[in-house]
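Read the structure below first, then the notes.
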Amino acid sequence: MKMYLRLLLTVAFIVAVAAAGVAGSPPQKGSAADPAPATYVITNDDASALLGQNSISFFQAGGTPSAPSLTYQTTLFIGGTGIGGGFFGTSRLNSLPDSGAQCLYVSDAGSGAVVAVNLQTQQAAGTFFGSENDAGTTNGIGLGLNANYLYASFTDSNTIGTFTILPGCQLSFVNDVSVGGLNGGTIYAMALSGNILVVSYADGSIESFNIGAGTPVPNGDAQNSTGYVIDYNNLPDGIDISQNGHYAIFGDAAVSPVVEVSDISSGKLKPTTVYRLGAGPTAVAPNAVVSGVNSSNVRLSPDESLLFISNNQSGTVTAGFFNPATGSISPGCTSATLSGFYSPWAYVASMVTENTSGNGGVLYVAEFGVPSSIGILTITSTGGTCRLAESINSPAVDPITSGGVLSIWAYPPRPF
Amino acid sequence: MHDVVKFLRIVLLGGLCGCAPVGASAQLPVCPPRPPLQSVVVNPLDLFSQNGVLNVDLTLQNAVGSDGYMHYCYVYVNQGQQVEAPTLRLNPGDQLILNLTNNIRAPYDRYPPKISYAQKIKAMHMGHMHKAETPSDPCDGGMVGPSSTNLHFHGLNISPTCHQDEVIKTIIESGDPPFQFNTQIPANDQPGMYWYHPHPHGFTTTQVNGGASGALIIEGSNPLTDGLTEHVIVIRQEFMNANSWLPGPNSLTLNFVPVPPLHGPLPIIKAQTGKQEFWRVLNASTQAFLTLQLEYGDTVQPLEVIALDGVPLQMPTNYTTLSVPPAGRVEFIVPPLPSGTTGTLLTLGYDTGPVGNPNPAQVMAKIEPAMNGMQSKPSPRRAAATPIGAKRFAGLKLQTPTAQRSLYFSEETVGTNGPTSYFITVKGQRPHVFHMDDPPAITTKVGAVEDWTIENRAGEAHAFHIHQLHFLVMAINGVPVPNPVLQDTITIPNWTGSGPYPSVTLRMDFRDPNIAGTFVYHCHILDHEDAGMMAKIQVNPAN
């Protein structure tokens, strides 16, 4: 009976706070009383159809340097439906990497749509669909964009849809292309920089596309990642690309923190170099918590000195030292297990930083659960040492969740 | 409210369970019709050994039933009628000759989705790939596919060799000639309840989910139960899609009588008023952790447990709740049903952890008085053969272990909906999704007695099972068990995210030379097993 009680209580909780969210006021940015531009963290709540429509929630950064916090502001219901979960590495909301970005794009995986949100008005600006074939109802729809095009990775149909970005955050569907890993895997994640779009697949392979003309054109570099060749437990998943566009960094779904780096300065993927950043479960004292399990999400700090890694299944975050000149990564530090791991949330996923320069100052990490939340960690790094310490104000609970937050975004965003 | 994945699955289940099953399509061969809702739970057909031998022909076939589910059925032809999943009854020392014909047709759902694409390619190989060279020999392994099968005698302490109880290289293809299993029940084996089910790696879930399982009982005289009416209850669990992350339409069944998931007419167990009964319950579900209770009116009844996993307890003990993991068995004496009273059999549910499968509480059956002796006659029983020598595993508690090993369950997933890689790993080795052509993860020899401590590092419960032997449960979470019992399957609860990992310490008995060979241990949540949470152990001869 306990299970059903939990369910009923959970549904009641969601309904109650959803009603409160509708009545809430939108965030006030840049008011006269607050000369410094505020930072917002935005969630794709990924609400499934069984519990209403999907939404995005806004949190405002605050607190003190030693005790940062996030304060829930409001929720915008965007009309479609989510699915309440999916692949860790899939980016479910995105904007241009520009502090003046006007448009935020959010995926509604349940209804197969991309929703545009005007960041100034905090209102939905339109709902856009790919082809009838495009679907991401099991594991989500990922988004990436440049000034001209938005790309949507549909993880069920294994397609990448291309949309032209029009004034007013509007989109116009161009076409979609079918993709697939070397071994038949579906698309996990994608990231883009300049004319290159980098993709990871569920079968250990990676590939890049030329997007100079808009629609992705294969670069002919599909390959099994080095990490996968070494150990088929390593599956490249989430992707970030260095600011200069020279390195694509893959977070691997793996039994310990494993990341891979490919030199893409030629416009194509080169074989990846593997970095193991945790001792992993094979060198752990009895009953000790391993330094990290599963490293599907990666995110560079604004100054690229640090690479943040979500240890999705152990409730921790790791930072490694990244050398943007060489693309190499060296071990750094791992947080303690974040508050609420396995009760009430189960996985950590995407990350963003508060600041758009330096090491980012504060790291926010999506915590997937019922309810979902956002973990808040201070980042300290000097020389060859670092520390990730959870704030006493962590986590910030997302009141609008019927399934789970895997993707978060910061506004203003990191400048690349 | 921490069970997010489970929450989602339950929500979706709630949305789906009211759906009508998909329309059945005509498909040959046809499985025997299964009982409808609200049927009386009738014991399976008993097949007894005669003169020390039980010779039985079974055919495994599949078809979409009228309920829309894909049925996999062990068919026995009894006086011209097809009967499903008979109970095999033998005495210690008896010979079992089972001729299995594989008549699987056109299965669907070729690949369990929880296995990644690359793993699929590797995982579908049996043995050393000799099958293609010598396709006529089912003992040589080869590619296993959706039409392949084999057979495991769960809990029997018999030889891991082909034609006995071997599942690594034994693979029987659809259309092969009948394959003969020929084994002898050890004369000193424990009387109790065992079971048989298919074990083709990668496809076990699909076949067991479809109903391919049956009870096997080693007879033995027991003054506590002799003369009592005996119920043999096989609890199965059928999903519309056995390998789906989403639970979808599914239900438990009692001897194939469906248990409505939320509400609806229940199976009926007829009990004699005023008389004790002897119930043998097998959890043949693919993933359900059962916590059984029996109520008469509103009163929870004490159940006198006399055997677990086929092994009699040294001292029968009263419990009000019986925890039975997937593949577990429990045999107990039920108090007399008072006249004018009805009762209910229920499972209280089990918290499988924040990323575990939904495992809700359910009322499973209504207990009604048997009328005019219907269903009330005792099962035919015979005097069991006198056991020879000491019982299997005798004196195990007092043995000095020759080795200590540490293993752990863990998982890797690429998203909240999978696909997930499942591991059981010896500490110091690298987590590894099981392939049938793997080398043994553990090597030991006949005569060894080992203590294995098995941790669960995952956010969901697992059920450890080893073939060919029972183990003695010595400690739970490092705390010694005062009166260790023999089992062949045991639950290890989920890790909570902090503190020590939950663990069990099990004493493994490799003293019997008959079990020399290579066999497997694994999680008995079958889609975990199919997705790689399994490993080999090689037991070398003493010399």
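The values are calculated or read from the model by the stated rules, or taken from the named source; none is laboratory data. Fair warning: this is a prediction, and the values are worked out from it, not measured in the lab. As a convention, Cβ positions derive from the backbone with ideal geometry for all residues, glycine included, and neighbour counts pool all protein chains shown.
Restricting the range A:131-142 to residues that are surrounded by 24 or more Cβ atoms within 10 Å (Cβ to Cβ) and not small (Gly, Ala, Ser), the residue that is modelled with the highest pLDDT is A:Ile141. Restricting attention to the range B:397-443 and to residues that are more than 13 Å from chain A (Cβ to nearest Cβ) and surrounded by 19 or more Cβ atoms within 10 Å (Cβ to Cβ), the residue that is nearest to B:Tyr501 (Cα to Cα) turns out to be B:Ala441.
Looking only at residues of the range A:302-322 that are of a type in the set (Gly, Ala, Ser) and more than 14 Å from the chain's Cα centre (by Cα), we find that the one that is farthest from the other protein chains (Cβ to nearest Cβ) is A:Ser305.
Which one is nearest to the chain's Cα centre (by Cα) among residues in the range A:211-226 that are within 21 Å of A:Asn294 (Cβ to Cβ) and either surrounded by 24 or more Cβ atoms within 10 Å (Cβ to Cβ) or within 13 Å of chain B (Cβ to nearest Cβ) (or both)?
Among those that are within 21 Å of A:Asn294 (Cβ to Cβ) and either surrounded by 24 or more Cβ atoms within 10 Å (Cβ to Cβ) or within 13 Å of chain B (Cβ to nearest Cβ) (or both), it is A:Ser225.
Taken together, the residues in the range B:463-506 that are out of contact with any Ser or Thr (no Cβ under 9 Å at 6 or more places or on another chain), under 29 Å from A:Tyr342 (Cα atoms) and of a type in the set (A, V, I, L, M) amount to 2. Note on the range A:168-192: residues that are among the β-branched types (Val, Ile, Thr) and in contact with an Asp or Glu (Cβ under 8 Å, 6 or more places away or on another chain) total 2. For A:Thr382, the conditions (1) more than 11 Å from chain B (Cβ to nearest Cβ); (2) of a type in the set (Ser, Thr, Tyr); (3) touching a residue at least 12 places away in the same chain (Cβ under 8 Å) all hold with the exception of (3).
With respect to the stated conditions, A:Ser208 is buried (at least 24 other Cβ atoms within 10 Å of the Cβ), over 19 Å from B:Thr413 (Cα atoms) and either within 11 Å of chain B (Cβ to nearest Cβ) or modelled with pLDDT of 95 or more (or both).
If you go through the range A:82-109 and pick out every residue that is assigned to a loop (DSSP other than H, G, I, E, B) and surrounded by 24 or more Cβ atoms within 10 Å (Cβ to Cβ), you end up with 10.
Taking first residues from the range A:233-246 that are at the interface with another protein chain (Cβ under 10 Å from one of its Cβ atoms) and partners that are surrounded by fewer than 22 Cβ atoms within 10 Å (Cβ to Cβ) and in a strand (DSSP E or B), the Cβ contacts under 9 Å between residues at least 6 apart in sequence or on separate chains come to A:Asn234/A:Val274. I want to confirm something. Restricting to the range B:324-351 and keeping residues that are of a type in the set (A, V, I, L, M, F, W, C) and in a loop (DSSP other than H, G, I, E, B), which single residue is nearest to the other protein chains (Cβ to nearest Cβ)? In this case the residue turns out to be B:Leu348.
Could you tell me whether A:Val229 is within 12 Å of chain B (Cβ to nearest Cβ), surrounded by fewer than 22 Cβ atoms within 10 Å (Cβ to Cβ) and not in a strand (DSSP E or B)? Working first, answer last.
Numbers: within 12 Å of chain B (Cβ to nearest Cβ): yes; surrounded by fewer than 22 Cβ atoms within 10 Å (Cβ to Cβ): yes; not in a strand (DSSP E or B): yes.
Yes; evaluated as a whole, the condition is true for this residue.
Against the criterion of being of a type outside the set (D, E, K, R) and crowded, with 22+ Cβ neighbours inside 10 Å, A:Ser310 qualifies. Identify the single condition in (1) part of a loop (DSSP other than H, G, I, E, B); (2) over 16 Å from the mean Cα position of the chain (by Cα); (3) surrounded by 24 or more Cβ atoms within 10 Å (Cβ to Cβ); (4) not hydroxyl-bearing (Ser, Thr, Tyr) that B:Leu294 does not satisfy, given that it satisfies every other one. Evaluating B:Leu294 over (1) part of a loop (DSSP other than H, G, I, E, B); (2) over 16 Å from the mean Cα position of the chain (by Cα); (3) surrounded by 24 or more Cβ atoms within 10 Å (Cβ to Cβ); (4) not hydroxyl-bearing (Ser, Thr, Tyr) leaves (1) as the failure. Contact map, the range B:525-541: residues that are surrounded by 24 or more Cβ atoms within 10 Å (Cβ to Cβ) paired with residues that are assigned to a helix (DSSP H, G or I) and of a type in the set (Ser, Thr, Tyr), Cβ distance under 6 Å, separation 6+ or inter-chain. Pairs shown: B:Leu526/B:Thr204; B:Leu526/B:Thr205; B:Asp527/B:Thr205; B:Asp530/B:Thr204; B:Asp530/B:Thr205.
Which residue, of B:Gly202, B:Gly175, is assigned to a loop (DSSP other than H, G, I, E, B), crowded, with 24+ Cβ neighbours inside 10 Å and at pLDDT below 95?
Going through B:Gly202, B:Gly175 in turn, just one is assigned to a loop (DSSP other than H, G, I, E, B), crowded, with 24+ Cβ neighbours inside 10 Å and at pLDDT below 95: B:Gly202.
Go through the range A:316-400 and tell me which strands (runs of 3 or more DSSP E), entirely inside it, have 1 or more residues that are among the charged types (D, E, K, R) and farther than 19 Å from A:Asp303 by Cα. Show your work before the answer.
Working: elements: A:316-323, A:328-334, A:345-353, A:362-369, A:373-382, A:385-390.
Result: A:362-369, A:385-390.
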